[in-house]
Amino acid sequence: MGVAPPRPTVGVLALQGAFSNHLSVLAELGVVGRAVRRPDDLEGIDALILPGGESTTMSMLLDSSELRAPLTDLLDRDLPVLGTCAGLILLSSRVDDGRDDQRGFGRLDLRTARNAYGRQNESFESRVELADGRSIPGIFIRAPRIVEVGPEVEVLGALDGVPVLIRQGNAIGCAFHPELTGDATVHRLLIDRIGRSLTTVSDASQED
Ligand code: GLN
């Protein structure tokens, strides 16, 4: 009998916003979820989730928590990352209607418009059409709209023809809240990226 391989650990940035349901989804998927509040919490994580919430506040808290530099370093080393809603904004290279002092990680070659799907009371649920022909539920809460995608960005899901789920290498972005729907498709996309280091092995050679 072999020894069971260690379960992967996925960090969830827990400075502010909608992090707790992500931890529940990870537990259901059999991976270890860890709330990340301080640099020490990053030790040994295999992937990271930047949750929904308020990207301007998260940007400030990334500095006061001293998480910005170690997170940047991990992303430089191709740590798989999923940014949902405010997290998508933090991963986008260009942000419309951001605050001047708001700073993200610029890992996705996108232009993203904050709050472009409307205010909190215009939140809605809709099916997201996936590239493979399936659809999954999406809950949109003051969601950012992806208005431009760069050539390296793969569109994995769309709403009315507008990308809402995308991937560029090990970075996945999603405009909606996948942790509230009971469908773990988006979280599985992240877990599938674990162990795929783009700097050491060509991405294409690992696709199955
Ligand atoms: N509008 C928020 C922001 O700019 C994001 C909303 C969300 O994460 N549900 O950060």
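The values are calculated or read from the model by the stated rules, or taken from the named source; none is laboratory data. What you are looking at is a predicted structure, and each value in this text was computed from that prediction instead of being measured. Reconstructed Cβ throughout: ideal geometry from the backbone, glycine too, with neighbour counts over all protein chains shown. Heads up: the accessible areas ignore ligands, DNA and RNA and are worked out on the full protein's heavy atoms, side chains in. Shrake-Rupley method; radii C 1.70, N 1.55, O 1.52, S 1.80 Å.
Considering region 41-67, the residues that are in contact with a Pro (Cβ under 9 Å, 6 or more places away or on another chain) and either of a type outside the set (Ser, Thr, Tyr) or open to solvent by 30 Å² or more (accessible area, probe 1.4 Å) (or both) include one that is farthest from the ligand (Cβ to nearest atom), namely ASP46. Can you pull out the residues in region 78-96 that are on the phi > 0 side of the Ramachandran plot and either crowded, with 24+ Cβ neighbours inside 10 Å or near the ligand (Cβ under 9 Å from one of its atoms) (or both)? Answer for region 78-96, where residues must be on the phi > 0 side of the Ramachandran plot and either crowded, with 24+ Cβ neighbours inside 10 Å or near the ligand (Cβ under 9 Å from one of its atoms) (or both): just CYS85.
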